[in-house]
Structure formats: structure tokens, C-alpha cells
Amino acid sequence: MTTFLSNYLGGQWQSPSQAVHTLLDPITGETLAHTGGAAQGLPQAFEFARKEGGRALKAMSYAQRAAMLAEMVKLMQSKRDDYYAISLANSGTTKADSGVDVDGGIFTLGYYAKLGAGLGDATSLTDGAAAVMSKDQLFQSQHMMVPVRGLALFINAFNFPSWGLWEKAAPALLSGVPVVIKPATVTAWLTHRMVADVIEAGLLPPGALSIVCGNSTGLLDALTPFDVMSFTGSADTASKIRSHPSIARDSVRVNIEADSLNVTILGEDAAPGTEAFNLYVDNLVRDMTIKSGQRCTAPRRALVPKGYMHAVAEAAAGKLAAIRTGDPRNAETGMGALVSREQYDSVQAGLAQLKSESSTLFDGSAQPLLDADERSACVAPTLLGVRDTDAATKVHDLEVFGPVSSLMGYRDLAHAMEIAHRGLGSLVASVYSADNAWMASAAQELATSHGRVHLVSPEVAKTHTGHGNVMPASIHGGPGRAGGGEELGGLRALAFYHRKSAIQGPSAALDIAKQNSTPLSY
Ligand code: NAP
């Protein structure tokens, strides 16, 4: 019997409705679960979340809410095996790749539990010191941050059903804001199970966490001006969301995380045989194949000094050849499937477009799949070499969401920077070099078009956190086509879930207003 992923709205599970969407195992094609269609009663359910969930959460201090997150971490840890099993079946990922999502989500939840404990018994935040606005110093202005009145709606992408939930829900719940999650349908099972576990354990007040599976119809219509909304997914869907009346007319605060043509750069000093060169190749191969390339941070564009193109291609091809693609249930499998046959078709179509301006430097499809056939959603890694870096256009515009990367030659630092900016705004750029001054110059320039710049020298070979890994201490999000959003970054994440207001008045009144407040410092 397959699972039906019911909606949890208004503090109760809705009865299973007619099955509209089917979730499949991307290796075997087996049916795993169903969801219904459009959710019913969204305006009332959202009001319940704002009134009941919001009121109960806001009655607690940051430290109390942080303690609640810590309990959720314990619960998640006790059920990791279940989550890995769902991830294997529904996302087709190896154990290591499931860990990026499952454990990455739990880690982020735990991180915010610790940070929140440090905010103590406060119920609001102060932003900076009071500004004196009168000669007698009595009339002052204090910027204060209070939790938003509404709820936080998250519409998430398919690639991180666990991490995508918790990296957003942790700062929202810590801020005292109720959450409604709409996971991408194709992998909604894991999100659904985690939410169901938290609800069943009674760790959150009624209305603090709700879930809608299967259909986004009516979600944006149910938003009101004091709500906030976060979207992660494709640029096409993002543009529809931006133009929805709730966002365009009612100014619902929105955060968008979309496509990204991330870049990884080999420094001019890093000749073949150097440690920086080896680090670059190791990390390029790892970052392009983790989760079968279905990470928004994967390096789609690999920039190397022109003279080193051949050496990089040869070294990377050797490592890629050692990664077997197939069913993650086979211990020999190094890389699992894409999430669905639709994604398989989309990657094949994207590859064909990229190949119109590139040569194939490595094509893993020459090797047979392990325990999987052509009906599965498995795609082996491909490394392309762009024929004319300056004339090429598609490589800077088309995000192929699979284990695909394109190698390009650059002439000098200025040329490398010019190419990097052609992504028109990305989540992350990484640089590998033993020359700290060169990396620092590149970082200053890359920061103008990238949300995160990851520098790796041999000194940090063993300790750096990885180009593609989003760590909660650093902000996640990029300008331009990456969506212009900003998440995480430690306590910076709380700003999205708070309303900043300048409280102007007699200093004595401000002192009283600040009694339950703690300074927001990073
Ligand atoms: P998608 O097709 O845009 O879907 C994303 C979410 O939007 C899903 O939950 C989807 O629901 C929902 N949706 C679809 N149409 C909608 C509409 N008209 N109104 C409201 N919601 C709607 O994206 P995806 O294919 O799941 O994800 C892949 C993309 O996400 C890639 O481009 C990747 O780069 C990007 N991504 C970015 C980040 C980041 O942090 N920047 C992270 C992960 C992924 P259904 O599933 O029910 O259709």
C-alpha cells in the first residue's frame, strides 16, 4: 500500500482526497506515495496559523523557542534511519548524498538552537544604539526589531526536501513566526515525514507548523500583507511569483533563491602538479557529482588558465571515470540518479544545447549503469570544454541541473573576472590558489556578483567547508539571476522574520520598551 501525503492545516490532518500526483522511485519507477490536488480552506488555515501558532510562539522568549528547536533536533536524530530510507527510495541518492540533505538539515536546526539560546529571555531585538534627536537629549530614536505579525510560507525545490525545510524553518520558528511548508511534489515524502514526526511528538504549539503537499494553487492568494514568503526553485516559477498580486500589490516580503551559474576558478599560479591544482581537480569532481549535480551551488562553469586546460581535463576525467553511476543500493555506486525522468529529459536537452558550443572532454555514459537501466533517471557525469570562451553564450545562461560542468580557459585575472560576471549573479564562486594576494583581489571583484566567495589554499585543504556546501554561519543567496535572496548567515537570517521599526520618543519610554530586548549583534 502506498502512502498518501495529506495536508496538515488548521491544526489537523486533512482526510486523504483523490490521488492526483504520484511520487516514484527514480531507479525502479516503483510508486511510493501520492498527493492530492489543490488544498482546501487555505485562508482559514492561514488565519489559524497566524492567530494560534503565532500567538503561542510569540508568548515565548528566544531561549524558549531555541530549546524547542533543540528538542526537534533530538527527535530528528532518533529517526535518521527512516529519513535515509525515504531519501534513497524517493531521491535515488547514495548514503553520502542523502546525508547532505538529511544531516545538513538537522545540523542547521541545531545551529539555530544554539544561537537562539544565546539571545536569552528577550522577546524582541534592538538594532544599533539609540540616536539622540533633540538638544536636551531627551527625544531619541531606537530601531527595534519585532517578530512579523503574519506567517512564513515556504515553497521549496525538489533537491533538498530536508535541508530546504529546516534552513528556513529554524530561523522562522526561532523568531516566533509560524511556518507553512509546500515541498516540491516529486520529493515531498521526506518533508512530509519530518513534519509529521514533529507534529506527532507535540513539540510545537498548534498552528506553528503546517504542510501542503501536491499543489500550489491558492497558496499565494491566501497571503496577507504582514506575511513573508520564501521561494526556492527555477527562475521561471520565480518570475510568476514576483508578479503575483500578493507580492506585487500587497508587498508581502519575498525571498527568492533561483538558478545559478556558479563558477570555480583555478589560480594563475596553480600549475599542474601543485597542491592547489590537485585540490581544484578533486573539488571540481566532487562538487559536480554530489547529489548527481542537483545542488543549486554546483560549479557549472570551471575557469582555468588557458595553458592548463588540457591538464585539468585529463586529471578530472581520470577521477570522473572512477565514479560509477547507478542504483545507490549497490555498494559500488558512487553517484545515484536524478530525481525523475522529467529531470533526466531536461538534463539531456540542456546538454545538447551546451554541446553546440563545446567539445566533450569526458562522457561517463560509456560505462554501463550499475543495477539500473535506461528507464531509470540515472545520468553519468559529463565534462565539457568550451571552444571559444568569449564567443560562447549558452554556458553563461543555461543551468543544466545534473552532473555537468563546462571547462573554460582564461587569459589573466581581469579576463577570469569578466567571465565570472557573465553568470549575471550567482550563489557561489570558488578560487583555488597558493597566492593569497591573487585570491584576495579575485574575492573583492567576485563579491560584486556572488553571494558567497570560497577561497581555498593548500593551508586550508583539510579544513575548508567545500564550494557547494551551504554552512549556516555564512549567507546563502546571490544577486541577479540567482534570485537576489539572502538566507542564513547566523543571526542575519532573523532579519527576514522581523519587522524593523524606528521607535521615536522620550528616552525613558524607550528604555522601558527595550526592557525585553537584546541587541542584535553578529
Ligand atoms: P520549480 O519547478 O520552479 O518548483 C519549485 C517549487 O515551486 C515547487 O514546490 C513547485 O511545486 C512550486 N511551483 C511550481 N509552479 C508554481 C507556481 N506557479 N506558483 C507557486 N509555486 C509553484 O523548481 P524545481 O524544479 O523544483 O527546482 C529546481 C531549481 O531550483 C533549479 O533551477 C535550482 O537551481 C533551483 N534551486 C535553487 C536553490 C537556491 O538556494 N538558490 C536551491 C535549490 C534549488 P510542484 O513541485 O508541486 O510543481
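Miscellaneous remarks
- Estimated [θ] at 222 nm from DSSP helical runs (n ≥ 4, -39500 (n - 2.57)) normalised by residues in the chain, nearest 500: -10000 deg cm²/dmol
- Sequence-separation-based contact order of segment 219-311, relative, with Cα cut under 8 Å and 6+ spacing, percent: 28 percent
- For segment 262-471, the antiparallel share of DSSP beta bridges with both residues in that region comes to about 15%.
- Counting every alpha-carbon pair across the chain, the share separated by more than 39 Å comes to 27%.
- One Cα centroid belongs to segment 417-466, the other to segment 491-506; the line between them spans 32 Å.
- When the alpha carbon gyration tensor of segment 357-456 is reduced to an equivalent ellipsoid, the three semi-axes, largest first, read 30, 15, 13 Å.
- Rounded to the nearest 10 degrees, the inclination of helix 95-117 to the longest alpha-carbon principal axis of the chain is 30 degrees.
- The chain: angle of helix 163-175 to the longest principal axis, Cα-based, in degrees nearest 10: 20 degrees
- Packing-based order for 507-518, 31-42, using average beta carbon neighbours within 10 Å, highest first: 31-42, 507-518
- Relative contact order %, the chain, counting alpha carbon pairs below 8 Å whose residues are six or more apart: 18 percent
- Among 428, 347, sorting on how many other beta-carbon atoms sit within 10 Å of each Cβ, with the fewest leading, yields 347, 428.
- Straight-line cross-link partners of residue 79 among the aspartates and glutamates, defined as a Cα under 12 Å from its Cα and at least 8 positions apart when in the same chain: 103, 197.
- Peptide ranges 366-375, 80-89 listed from the most packed, as the mean C-beta count within 10 angstrom indicates: 80-89, 366-375
- Computed over segment 262-471: relative contact order in percent, which uses C-alpha pairs under 8 Å that are six or more apart: 29 percent
- Packing-based ranking of 23-30, 199-206 yields 23-30, 199-206, ordered from highest to lowest mean Cβ neighbour count within 10 Å.
- Around residue 169: net Lys/Arg minus Asp/Glu count, Cβ-Cβ under 13 Å: +1
- Against the main long axis of the alpha-carbon atoms of the chain, helix 309-321 sits at an angle near 80°.
- Here 224, 108 are placed in order of increasing Cβ neighbour count within 10 Å, fewest first, which gives 224, 108.
Bear in mind that the values in this text are calculations on the coordinates, not laboratory data. Owing to the predicted nature of the structure, the values given are computational and were not obtained by experimental measurement. Counting neighbours? That spans all protein chains shown, and the Cβs are built from the backbone with ideal geometry, glycine included.
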